[in-house]
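Here the structure comes first, spelled out in structure tokens, and everything after it is commentary.
Each value in this text was obtained by applying a stated rule to the coordinates, not by laboratory testing. All of these numbers come straight from a predicted model, not from anything done at the bench. When we count neighbours, we look across all protein chains shown, and the Cβ atoms used for this are built from the backbone with ideal geometry, even at glycine.
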Amino acid sequence: MQRFSTDSASRALIYSHRFQDFSFGQEHPFKIDRYWLAYELIGELGLLCLPGVRQIECPMAPESMLTSFHCPDYLATLKEFSADQTPRANFRYGLGDVENPVFPGVYEWSLLGCGGTVEAARLVVEEGVRVAFNLAGGYHHAHAARASGFSYLNDAVVAIQSLVDRGLRVAYVDIDAHHGDGVQEAFYSSDRVLTISLHETGDDFFPNTGFPHELGEGDGYGFSVNVPFARHSDDLIFEQAFRGVVLPMIEAFRPDVLVTQMGVDTLRTDPLSRLEMTTGTIEFATRSFCELDIPWVCLGGGGYCKVNVARSWALLWAILAGAAVPDELPPRFVSTIRKLGYDNTLLRDHPRLAQPNDFARAQGALERSLAILKRRLFPLHGIDLEAER
Ligand SMILES: [Zn+2]
């Protein structure tokens, strides 16, 4: 497997103006125009016309690839409902409830998200692209025959399976506030795919999975890793978990390709999670992944404050593109978001740590999780228990 190419077009941003043709509905927390807002900010910061940067129109996934994970009956139902003029629902398939509405064109919308990730994987393995970022990817909750958590098709699973079919080994790292349950489930018995998820604890938070004892089964035992965060975990907790588990596991696994889900619903001001990270965590994780120097398929994910999504993914893309950006938002973008009701003026959050009591609870929970993982997981991979990072 090649390492990063140094050619002049080695970073790809995947986006489409067609995203704007779809909507989950006015009341739904998933706002599709967050992708447009992120793309606007990336453009305002001058990060689209840089040496080594390619823009790729997001394609729809070939339907033939979907059955590598999804059940044909589920796919046929999703497609049929999507084209129907009257509202349809099938709760066994998770379709048509408040969470996963059947909106017009939901099938095509899902094919775009999946197609972007499949294309990102192809660019990385066939064209020597260093990192391909599919803004509209990372639908990590979709199951083989059930929509879940605003996810209808699991783009990461379909793309990772295409990499495994080429004989490649893949590390999937998911830093969204929610457990990457659909991806874990797909590869739970495989030693070809290492899945790592850092997320708010599933004790009382969707999808209520992702505990340290979920370590895989059969050949896959030891290749499923979960670090649940207590409420109010902050940037310091994230960094400890990342250095304590993510980096040593990737180093030991030595993947051919890295796939990451970069959900930003971990931010303190996100309306759905109770974590307290800042844009500093997004920048830290992005830099750390860059330093691994592994061909990289980078995906978006959750994030229910549109301006947080735009700011975080613009910072992420700036790091990928190797460009410095100021702390302030560009004036034209400030006036754009003001019309949407946001008063942000800063691109980066100020550093902000949790309250001492909250931090102590979060630290205790993290130490308990790390102790389980280090005892049960690290010996399987020959990781030195005494090694400190
Ligand atoms: Zn999420």
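What is the range 120-253 by shape, rounded, prolate or oblate, if you read a ≥ b ≥ c off the alpha carbon gyration tensor as root eigenvalues and call it rounded for a/c under 1.5, prolate for a/b larger than b/c, and oblate otherwise? Cα axes put the range 120-253 in the rounded bin. Taking every alpha-carbon pair under 8 Å whose residues sit at least 6 apart, the chain reaches a relative contact order of 18 percent. Given axes a ≥ b ≥ c from the Cα gyration tensor, I'd like to know whether the range 1-133 is rounded (a/c under 1.5), prolate (a/b larger than b/c) or oblate. In terms of gyration-tensor shape, oblate. Assuming charge only on the beta carbon of Lys and Arg (+1) and of Asp and Glu (-1), the dipole of the range 11-381 about its Cα centre is about 440 debye to the nearest 20.
Taking the range 11-381 as the region of interest, the number of lysine pairs whose Cα atoms are within less than 29 Å, with members eight or more places apart or on different chains, is 5. Comparing T278, T269, T260, which has the greatest mean-square fluctuation in the GNM of the chain with Cα pairs linked when under 10 Å apart? Of the options given, T269 has the highest mean-square fluctuation. With the helix formula -39500 (n - 2.57) applied to DSSP H stretches of n ≥ 4, the chain reaches a computed 222 nm mean residue ellipticity of -11000 deg cm²/dmol.
For the chain, DSSP calls about 10 percent of its internal beta bridges antiparallel. Entry for the chain at q = 0.08, 0.10, 0.14 Å⁻¹: log10 I(q)/I(0) = -0.37, -0.60, -1.25, Debye formula applied to identical alpha-carbon scatterers, no solvent contribution.
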